[in-house]
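**Q** Pasting a structure below so you can have a look.
Values in this text are rule-based calculations from the coordinates and carry no lab data. Since this is a predicted model, take the numbers as computed values, not measurements. Positions of Cβ are backbone-derived with ideal geometry, glycine not excepted, and every protein chain shown enters the neighbour counts.
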Amino acid sequence: MICLGIESSCDETAAALVTDEGRVLGSSVASQIDLHEAFGGVVPEVAARRHLERLSPTVLHAFQEAGIAAKDVGLVAVTRGPGLAGALMVGLSFAKAYAFARDLPLVGVNHVVAHAYAAFLGADLCYPELALIASGGHTVLLQLHAAQEVEVLGRSRDDAAGEAFDKVARALGLGYPGGPLIERIARDGDSRRAPLPEVRTFEGSLDFSFSGLKTAAQQRFLAGAQAADIAAAFQESVLSQLLSRTRTALERTGARRLVFAGGVSANGFLRRRLAEELAKSGVELLVPPLRYSTDNAAMIARLGLALYAAGERSPEDLNAEPVIHPFKP
Amino acid sequence: MKGPWLCFDTSTEMLSAAVLGRDGRLLAEVSRHAPRLHSAMLVPTISEALRLAGVSRSDLGAAAANRGPGSYTGLRIGLAALEALRDGLGIPVYGVPGLPAAAFAQAQDGLVAPALDARREDAFCALYEVRDGALPRELMEPALRRLPDFCEDLKAHGRPVLFLGDAVRAHRAILETCEYARLGTAELRAADLGRYALRAREEATIADALSTAALYLRPPAVSDGRDAR
Ligand SMILES: [Zn+2]
């Protein structure tokens, strides 16, 4: 079976065609980064307008890349949340009407959980899986027991990891989005020259905290430290926090591999260092192909297919859920 | 173009869908007051209208929806669905400008000003001359205007102007001070969009008015209560 996946929760309009073995036939992503750059973040009404302009062409592009026809599709999957309400409704409305037009089943999926499924585009899925998802909107540690059963082991109490990258980049005068900019200048930096304070931990919990790092980085910069050194120290600090929570989760669950996904997993330093550290205790790090780390629709289709195989069908009156608990699949 | 037309309107709190015969005859219409539920209820409403009309989705000849002005989110829900029907069914679709369609829907000859409430003293409005059942002639283009200023501009025509749309209710006090304003009550119905498109399609001069691009009539940077609908 081939699934058409549709994603429009934030600032990427995306469509993809994926087989039930997790093979991506076509995947198209129309980024809006240029549009929001001037504002230093995503403007909801601007995003929603652009989604409407780009969605149908993006779907068409995915079909062209896949070289298949509408009649070859057996399932439609769409992001139902979390995300920007106006943006979500564009994708949802298109997906629902498309499924109706083609008389196809529809499955609404959770965007955050879908990030983990990007790792299973080309890799086998073997429940239970442990997944660390870090993006601009979310930082969560999940245990996937089944397609419909997701347990939240930890989450950020304040900023998401990707948000911290953006805020630190802004404090250092680098621009937006922050992730790639920080990674680039950190290569020439030395974290020991601008050490950042230990991050708060929460008694008995695997929760994260990133807002303190931003404040500390800002203070170091104002006190005259080099941006490159601060960027390096910031990445080290993010790594150590991700590692400490992950290690505890691995101990508790006995998992032998960790999925690392979401926009922050595109960071080469974090990918490499996490893999190195986990390998010391014989744990494998599974990361999605780089192009599926950030928002895309192939991951939406992949989770949609898993849910469909587990018997999930969304009702005709499926609605967007801008605020949605991450453990709902 | 064979087959009946599907028309729907998501631009206000009323959600409606209609099925028209190719001659413009109404086969079925479903309307529900559904504030904030358009994204959930549009497809079920379309499905119900088709069932009542006894028309299968694969028999449809075309589809039309309101392209604005109206609730931004509502317009996007309708237009995204309209494009999906085009892509999924392979039929032509038409985004219909709501203000001239409202003017076209009322039969009386004369000046007509469809106007939608845009909060404070503002309205999305336009002015048309309606005559002999022809497509309305545009005298003032659809735009966001201060309603008192718009009423002032109408004096130049020296003739009564029939106001339509939800601004009639929302801005009754302003309109009652305007000596030329006559208050209509007609609400735009989904079927009216289809009838306007059926006619407009034949007139090449306004054919590109039927694109599926949303007519917001206001730049996005301004935050606006309408979006909450
Ligand atoms: Zn994401």
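**Q** Once you average over the residues of A:97-110, how many Cβ atoms of partner chains fall within 10 Å of each Cβ?
**A** Going residue by residue through A:97-110 and averaging, the value is 5.
**Q** Sticking with this one: With unit charges on the beta carbons (Lys and Arg positive, Asp and Glu negative) and the dipole taken about the Cα centre of the range A:126-287, which residue among A:127, A:282, A:225 sits farthest to the positive side?
**A** A:225
**Q** For residue A:167, which aspartates and glutamates qualify as cross-link partners when the Cα separation must be under 12 Å and same-chain residues fewer than eight apart are set aside?
**A** Candidates past the 8-residue exclusion: A:159.
**Q** Would you kindly state the longest site-free stretch of chain A, with sites defined as chymotrypsin sites (Phe, Trp or Tyr not before Pro) in a DSSP loop (not H, G, I, E, B) surrounded by at most 13 other Cβ atoms within 10 Å?
**A** A:40-201
**Q** Which of the three applies to the protein assembly as shown, rounded, prolate or oblate, going by the alpha-carbon gyration tensor with a ≥ b ≥ c and a/c under 1.5 meaning rounded?
**A** prolate
**Q** Using only the Cα atoms of the range A:126-287, build the gyration tensor, take square roots of its eigenvalues as a ≥ b ≥ c, and label the shape rounded, prolate or oblate: rounded if a/c is under 1.5, else prolate if a/b is larger than b/c, else oblate.
**A** Note, shape of the range A:126-287 comes out prolate.
**Q** First check a/c for the range A:129-200, with a ≥ b ≥ c the square roots of the eigenvalues of its C-alpha gyration tensor; if it is under 1.5, answer rounded, and if not, answer prolate when a/b is larger than b/c or oblate otherwise.
**A** Working: a/c = 2.56, a/b = 2.12, b/c = 1.21.
Verdict is prolate for the range A:129-200.
**Q** If you take every DSSP beta bridge whose two residues both sit in the protein assembly as shown, what share of them, in percent to the nearest 5, is antiparallel?
**A** The antiparallel fraction comes to roughly 60 percent.
**Q** Let me ask another. 222 nm [θ] for the protein assembly as shown, helices only, -39500 (n - 2.57) per DSSP H run of 4+, per residue, to 500?
**A** -11500 deg cm²/dmol
**Q** Take every Cα pair under 8 Å in chain A that's 6+ residues apart, average their separations, divide by the length, and report that relative contact order as a whole percent.
**A** Once divided by the residue count of chain A, the mean separation gives 25 percent.
**Q** Right, here's the next one. Show the residues, 5+ positions off or on another chain, whose built amide H is closer than 5 Å to the amide H of residue B:181.
**A** Sorted by chain and number, the residues that satisfy this are B:161.
**Q** Could you list, by residue number, the cysteines of chain B that have no other cysteine's beta carbon within less than 4.7 Å of their beta carbon?
**A** For chain B, the answer is B:7, B:125, because their Cβ atoms have no other cysteine Cβ under 4.7 Å.
**Q** Test of understanding: extend the Cα→C-beta vector of residue B:211 to 7 Å, then name every residue of the range A:41-63 with backbone N under 16 Å from that spot.
**A** In the range A:41-63, the label zone of residue B:211 (backbone N under 16 Å from the point 7 Å along Cα→Cβ) covers A:49-57.
**Q** Please compute the average number of Cβ atoms from other chains found within 10 Å of each residue's Cβ in peptide A:41-53.
**A** Counting other chains' Cβ atoms within 10 Å and averaging over A:41-53 gives 4.
**Q** State the Cα centre-to-centre distance between the range A:195-212 and the range A:257-324 in whole Å.
**A** So the separation of the two Cα centres works out to 23 Å.
**Q** Report the full-extension gain for the segment residue A:145 to residue A:127: residue separation times 0.36 nm, less the Cα-Cα distance, to one decimal in nm. Working shown, then result.
**A** On the way: separation 18, 0.36 × 18 = 6.48 nm, distance 0.56 nm.
Extra length available between residue A:145 and residue A:127 comes to 5.9 nm.
**Q** What FRET efficiency do you get for residue A:1 and residue A:290 if R0 is 35 Å and r is their Cβ-Cβ distance, rounded to the nearest 0.05?
**A** My answer for the efficiency is 0.85.
**Q** Between residue A:158 and residue A:325, what FRET efficiency follows from the Cβ-Cβ distance if R0 is 22 Å, with the result rounded to 0.05?
**A** 0.80
**Q** Residue A:71: which lysines have alpha carbons under 21 Å from its alpha carbon, excluding same-chain residues fewer than 8 sequence positions away?
**A** Hits, sequence-local ones excluded: A:96.
**Q** Next question, about the same structure. How long are the three semi-axes of the equivalent ellipsoid for the range B:113-197, computed from the Cα gyration tensor as the root of 5 times each eigenvalue, in whole Å, largest first?
**A** Each semi-axis is the square root of five times an eigenvalue, giving 20, 15, 12 Å.
**Q** With +1 on each Lys and Arg Cβ and -1 on each Asp and Glu Cβ, and nothing else charged, work out how big the dipole of the range A:117-245 is about its Cα centre, in Debye to the nearest 20.
**A** Taking the Cα centre of the range A:117-245 as origin, the dipole is about 520 debye.
**Q** Taking each residue in B:89-101, count the Cβ atoms of any other chain within 10 Å of its Cβ, then average. What number comes out?
**A** The mean count of partner-chain Cβ atoms within 10 Å per residue comes to 1.
**Q** Another question, if that's okay. Could you give the angle, 0 to 90 degrees to the nearest 10, between helix B:38-53's Cα long axis and the longest principal axis of the Cα atoms of chain B?
**A** Value to nearest ten degrees: 60.
**Q** Moving on. Quote the relative contact order of chain B in percent (integer), defining contacts as alpha-carbon pairs under 8 Å separated by 6+ residues. Intermediate results must be reported in sequence, preceding the final value.
**A** Numbers: 505 pairs, mean separation 52.3, N = 229.
The value is 23 percent.
**Q** Which GluC sites (Glu not before Pro) from the range A:187-261 combine a DSSP loop assignment with at most 15 other Cβ atoms within 10 Å? List each step's numbers first, then the result.
**A** Numbers: sites: A:198, A:203, A:236, A:251; in loops: A:198, A:203.
Those satisfying the criteria are A:198, A:203.
**Q** Can you tell me the alpha carbon radius of gyration of chain A divided by the globular rule-of-thumb value 2.2 N^0.38 Å?
**A** So chain A has a normalised radius of gyration of 0.98.
**Q** Report the gain in length on full extension from residue B:108 to residue B:59: 0.36 nm times residue separation, minus Cα-Cα distance, nm rounded to one decimal.
**A** Gain on stretching residue B:108 to residue B:59: 14.2 nm.
**Q** Please go through the range A:23-84 and write out the trypsin sites (Lys or Arg not before Pro) that DSSP classes as loop and that have at most 13 other C-beta atoms within 10 Å. Walk me through the intermediate numbers first.
**A** On the way: sites: A:23, A:49, A:50, A:54, A:71, A:80; in loops: A:23.
Counting only loop positions with at most 13 other Cβ atoms within 10 Å, the trypsin sites (Lys or Arg not before Pro) in the range A:23-84 are A:23.
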